[in-house]
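Worksheet for the structure shown next.
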Amino acid sequence: MLRYIPVEEECFSPEIGPYRSFGIAAVRIAGGEEERLAYVADVSPDREMVAQLATSCTTAQLDPVHLIEVVLDAL
């Protein structure tokens, strides 16, 4: 089973300095082990938006190869 999860990050931008953002990770859960298949960093500082996107990707069982495209479309 594939699961998409929001991942909190501490980021830095020369223009604004440090800030908190959320990425999204695709993980496969098999035999009690989690394997990260894809990751998109710094999607948004809006945790709720990233969490909703992760839920939608999990529900649709999105192929991880398409994660970046889905993130870009959501922005």
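The values are calculated or read from the model by the stated rules, or taken from the named source; none is laboratory data. Fair warning: this is a prediction, and the values are worked out from it, not measured in the lab. Backbone-built Cβ (ideal geometry, glycine too); neighbour counts: all protein chains shown. Side chains included, ligands, DNA and RNA excluded: accessible areas come from the protein's heavy atoms. Shrake-Rupley method; radii C 1.70, N 1.55, O 1.52, S 1.80 Å.
Numbers below:
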read-out	value
FRET E, pair Ala74, Leu37, Förster distance 25 Å, beta-carbon r, rounded to 0.05	0.85
Estimated [θ] at 222 nm from DSSP helical runs (n ≥ 4, -39500 (n - 2.57)) normalised by residues in the chain, nearest 500	-9000 deg cm²/dmol
Accessible surface of the chain, 1.4 Å probe, proportion on carbon and sulfur as whole %	53
Mean separation of Cα contacts under 8 Å, 6 or more apart, over the residue count of the chain: relative contact order %	31
Accessible area per residue, Å², the chain with all protein chains present, probe 1.4 Å	64
